[in-house]
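Below you'll find the structure, written out as structure tokens, and then a few comments.
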Amino acid sequence: MDEYIRAEDLRKLYTMGTVEVRAINGVSFSVRKGEFVGITGSSGSGKSTLLHMLALLDPPTEGTITIADRDVISLSEAEKGIFRLSRFGFIFQDYALVPELTAEENVSLVAMARGEEAGSYSRRSRKLLGQVGLGERVAHLPSELSGGEQQRVAIARALINTPEILFADEPCANLDSTNSRAVLDLFREINQRMNLTVIMVSHEDWHMEYFDRVIRLRDGKIEEDFQPEIPDATASP
């Protein structure tokens with residue numbers, strides 16, 4: 001396998017008073033460049049904890065993570081911040097948009113943080129919003145957009161710096177099935193067109209039709225690691 005991301009014996013231990021909780025307990029796997037991977041499992045299985053460790057948002061208690069042959073766990077906090085900003089895109093279930101900013105301004109935030117020239121990132125923001133179907137909504141505030149539209153703004157924002165990996169933590173949790181399918185169709189299109197590696201936490205079985213591969217967790221361990229079957233094209237959630 002052409003490994004792009006490699007996790008080895010990851011463990012995450014939380015101490016709550018006198019109780020130790022092993023959120024992740026000895027997880028190892030690899031991901032190929034351009035693979036669309038779904039992380040699934042019941043509530044409390046460790047899905048989000050694993051995603052946050054891979055995305056360098058939360059350090060493991062034990063274990064290693066390499067990305068493009070680089071040991072990212074050994075990086076300093078400042079180096080991790082630069083690595084995230086330059087290589088990762090993030091999408092969360094609550095959209096995380098700044099309510100006082102327009103769609104275009106929200107998409108531009110990450111590029112602004114990198115100190116880019118305003119004209120350059122403004123043009124890219126408008127182009128990305130057009131690509132996610134919001135070309136006529138660039139000047140709208142989040143309060144003037146539907147939930148599905150807000151999530152598409154978040155997707156455009158995640159793509160502004162042309163990331164190598166897109167991390168999505170239950171991005172459809174607050175959407176109905178129609179908007180969920182629209183978002184997942186967009187993920188798949190981006191994944192295939194850009195050869196973008198996508199790692200997504202999901203709790204819905206029907207989402208598996210979009211994944212190249214599924215890693216199912218149970219009690220902080222990998223219960224299954226498999227390629228889902230191609231579904232009947234007439235099926236619907």
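The values are calculated or read from the model by the stated rules, or taken from the named source; none is laboratory data. What you see is a predicted model, and the numbers here were worked out from it, not measured in a lab. Neighbour counts are summed over all protein chains in view; Cβ atoms, including those assigned to glycine, are modelled from backbone coordinates with ideal geometry.
Quick check: anything in the range 94-101 part of a helix (DSSP H, G or I) and either on the phi > 0 side of the Ramachandran plot or under 21 Å from the mean Cα position of the chain (by Cα) (or both)? If you could, list the steps in order and put the result at the bottom.
Just the residues of the range 94-101 that are part of a helix (DSSP H, G or I), to begin with: none.
No.
If the requirement is being over 18 Å from Leu97 (Cβ atoms) and modelled with pLDDT of 95 or more, which of these qualifies: Glu204, Glu223? Walk me through how you get there before you give the answer.
Values: Glu204 fails: modelled with pLDDT of 95 or more.
Among Glu204, Glu223, only Glu223 is over 18 Å from Leu97 (Cβ atoms) and modelled with pLDDT of 95 or more.
Going by the conditions given, is Ile199 under 23 Å from Asn106 (Cα atoms), at pLDDT below 95, within 16 Å of the chain's Cα centre (by Cα) and buried (at least 19 other Cβ atoms within 10 Å of the Cβ)? Please lay out each step first, then the result.
Details: under 23 Å from Asn106 (Cα atoms): yes; at pLDDT below 95: no; within 16 Å of the chain's Cα centre (by Cα): yes; buried (at least 19 other Cβ atoms within 10 Å of the Cβ): yes.
No: the conditions fail for Ile199.
For the range 162-180, what are the residues that are in contact with a Cys (Cβ under 8 Å, 6 or more places away or on another chain) and of a type in the set (Ser, Thr, Tyr)? Outline the logic, then answer.
Restricting attention to the range 162-180, the residues satisfying the condition of being in contact with a Cys (Cβ under 8 Å, 6 or more places away or on another chain) are 179-180.
Scanning the range 162-180 gives a single hit, Ser180.
Among the strands (runs of 3 or more DSSP E) confined to the range 143-237, the ones with at least 2 residues that are among the charged types (D, E, K, R) and at negative phi are located at 213-218, 221-226.
Give the range 48-64 a look and list any residue that's closer than 21 Å to Gln93 by Cα and of a type outside the set (S, T, N, Q), or say none. Give the derivation first.
Here is the first cut: in the range 48-64, the ones closer than 21 Å to Gln93 by Cα are 48-58.
If the condition is that a residue be closer than 21 Å to Gln93 by Cα and of a type outside the set (S, T, N, Q), then Leu50, Leu51, His52, Met53, Leu54, Ala55, Leu56, Leu57, Asp58 are the ones that fit.
Leu175 meets each of the listed conditions (1) in contact with a helix residue (DSSP H, G or I) (Cβ under 7 Å, 6 or more places away or on another chain); (2) closer than 30 Å to Gly115 by Cβ; (3) surrounded by 18 or more Cβ atoms within 10 Å (Cβ to Cβ); (4) not aromatic (Phe, Trp, Tyr) apart from (2).
When Val107 is tested against (1) without any contact (Cβ under 8 Å) to a residue 60 or more places away in the chain; (2) on the phi < 0 side of the Ramachandran plot; (3) surrounded by fewer than 19 Cβ atoms within 10 Å (Cβ to Cβ), exactly one condition is not met: (3). Being on the phi > 0 side of the Ramachandran plot and either of a type in the set (S, T, N, Q) or modelled with pLDDT under 95 (or both): is that true of Gly34 here? Answer is no for this residue.
Of all residues in the range 52-61, how many are free of Cβ contacts under 8 Å to residues at least 60 places away in the same chain and touching a helix residue (DSSP H, G or I) at 6+ places or on another chain (Cβ under 9 Å)? Of the residues in the range 52-61, 5 are free of Cβ contacts under 8 Å to residues at least 60 places away in the same chain and touching a helix residue (DSSP H, G or I) at 6+ places or on another chain (Cβ under 9 Å).
Yes/no per residue for (1) over 24 Å from Asn191 (Cβ atoms); (2) crowded, with 23+ Cβ neighbours inside 10 Å; (3) among the small types (Gly, Ala, Ser):
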residue: Ser120; (1), (2), (3): yes, no, yes
residue: Arg126; (1), (2), (3): no, no, no
residue: Gln131; (1), (2), (3): no, no, no
residue: Gly135; (1), (2), (3): no, no, yes
residue: Ser143; (1), (2), (3): yes, no, yes
residue: Gly148; (1), (2), (3): no, no, yes
residue: Gln151; (1), (2), (3): no, yes, no
residue: Ala154; (1), (2), (3): no, yes, yes
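Just one of the listed residues (Ser74, Ser45) is part of a loop (DSSP other than H, G, I, E, B) and within 26 Å of Gln151 (Cα to Cα), and it is Ser45. Criterion applied to Val214, Val153, Val183, Val198 was being touching a Cys at 6+ places or on another chain (Cβ under 8 Å) and touching a residue at least 12 places away in the same chain (Cβ under 8 Å), and the one residue passing it is Val183.
Give the range 62-99 a look and list any residue that's hydroxyl-bearing (Ser, Thr, Tyr), touching a residue at least 40 places away in the same chain (Cβ under 8 Å) and surrounded by fewer than 16 Cβ atoms within 10 Å (Cβ to Cβ), or say none.
First pass over the range 62-99, keeping only residues hydroxyl-bearing (Ser, Thr, Tyr): 64, 66, 74, 76, 86, 95.
Then keep just the ones that are touching a residue at least 40 places away in the same chain (Cβ under 8 Å); that gives 64, 66, 86, 95.
Answer for the range 62-99, where residues must be hydroxyl-bearing (Ser, Thr, Tyr), touching a residue at least 40 places away in the same chain (Cβ under 8 Å) and surrounded by fewer than 16 Cβ atoms within 10 Å (Cβ to Cβ): Thr64, Ser86.
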